[in-house]
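The values are calculated or read from the model by the stated rules, or taken from the named source; none is laboratory data. Keep in mind the model is a prediction, meaning the values are calculated, not measured. Methodologically, a virtual Cβ is constructed for each residue, glycine included, from the backbone with ideal geometry; neighbour enumeration extends over all protein chains shown.
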Amino acid sequence: MLKKVMLFLVAITFITSAQELNSYISKGDSLFKKFDNKGALEVYQKGLEANPDSWEMLWRISRAYVDIGEHMPAETDEEEEAQIEVYNKALDFAEKAVKAGPDQSVTYLRRAVANGRIALFKGVFSVADVVNQIKEDCEKAIELNTGSTETMGITHYVLARTHGKISEKWAPARSVLGLGWAEYDIAIEQFKKGQELYPGLMMIHLDYAKTLMREDEYEEALKALRKAESCNLLDEDDEARKTEVAELIKEVEEELN
């Protein structure tokens with residue numbers, strides 16, 4: 001009888017804990033969708049206090065720090081230092097998320113994204129080890145394939161951007177840096193996969209178009225830009241992307257006429 005009571009109490013505690021976790025996730029995600037990154041971060045941090053080993057909270061905190069960092073001013077040395085500190089926090093929580101959820105694609109994606117911001121901040125060709133980690137994390141996330149279609153779409157997009165950015169540099173020069181694996185064709189393949197999985201995400205279509213334009217593939221670039229043009233605003237920077245899309249459409253149409 002005592003054993004049954006103990007099992008019942010354990011089950012009740014587990015259910016209550018799960019409900020509490022879901023409540024924090026729901027509240028934080030609601031704020032995130034409204035682009036209130038700081039508000040979302042506060043909720044996620046409270047959720048982590050109540051659930052210290054939750055990979056769900058850890059990766060969300062990493063995402064919040066990345067989004068906060070992206071919109072910080074970086075005109076002075078002090079501002080730049082503050083921004084990179086936020087990106088390092090994002091990476092720290094992403095590392096913890098990977099350890100807590102090593103079988104979850106999203107944890108590797110968030111580490112790739114955090115490292116991506118750090119690489120862009122420092123210069124991608126000056127931090128080859130970071131860039132290689134981004135590639136490895138994306139490939140691991142794809143191999144696991146345990147995320148939502150949106151998560152997997154973003155993962156393919158991040159891998160596409162990585163290949164696209166690195167392949168801009170002369171192949172022999174980047175080979176010396178240990179980045180000889182990057183290929184334009186792989187970037188295109190990964191962009192297409194990202195589009196297929198997450199067709200509503202404007203940034204995928206926009207960056208795909210810009211990569212195609214680099215190789216003067218204007219007809220395909222225009223198709224991608226038209227898709228971007230039709231997307232709803234899902235990211236807080238999508239309003240600015242809309243303007244860029246309109247400008248690029250004019251540029252591509254001029255090239256085609």
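Data for the structure
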quantity: Residue satisfying all of: in region 25-41; without any contact (Cβ under 8 Å) to a residue 24 or more places away in the chain and surrounded by 15 or more Cβ atoms within 10 Å (Cβ to Cβ); farthest from Tyr87 (Cα to Cα) among these; calculated: Lys27
quantity: Candidate set from region 43-100 (those that are in contact with a Ser or Thr (Cβ under 9 Å, 6 or more places away or on another chain), of a type in the set (Gly, Ala, Ser) and without any contact (Cβ under 8 Å) to a residue 40 or more places away in the chain); member that is nearest to Asp237 (Cα to Cα); calculated: Ala90
quantity: Among the candidates Lys242, Lys169, residue that is surrounded by fewer than 20 Cβ atoms within 10 Å (Cβ to Cβ) and within 28 Å of Phe35 (Cβ to Cβ); calculated: Lys242
quantity: Unique residue being among the aliphatic types (A, V, I, L, M), outside the structural domain of Asn37 (by TED's automatic domain parsing) and closer than 30 Å to Glu253 by Cα when the list is Ala221, Ala182; calculated: Ala221
quantity: Residue check for Leu48: outside any loop (DSSP other than H, G, I, E, B) and either out of contact with any helix residue (DSSP H, G or I) (no Cβ under 9 Å at 6 or more places or on another chain) or at pLDDT 95 or above (or both); calculated: yes
quantity: Residues that are under 17 Å from Val106 (Cα atoms) and either aliphatic (A, V, I, L, M) or in a loop (DSSP other than H, G, I, E, B) (or both), drawn from region 22-45; calculated: Ile25
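Per-residue answers, yes or no, for (1) loosely packed, with under 15 Cβ neighbours inside 10 Å; (2) farther than 30 Å from Ala173 by Cα; (3) touching a residue at least 40 places away in the same chain (Cβ under 8 Å):
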position	(1), (2), (3)
Tyr184	no, no, no
Phe191	no, no, no
Tyr198	no, yes, yes
Asp216	yes, no, no
Ala221	no, no, no
Lys227	no, yes, no
Cys231	no, yes, no
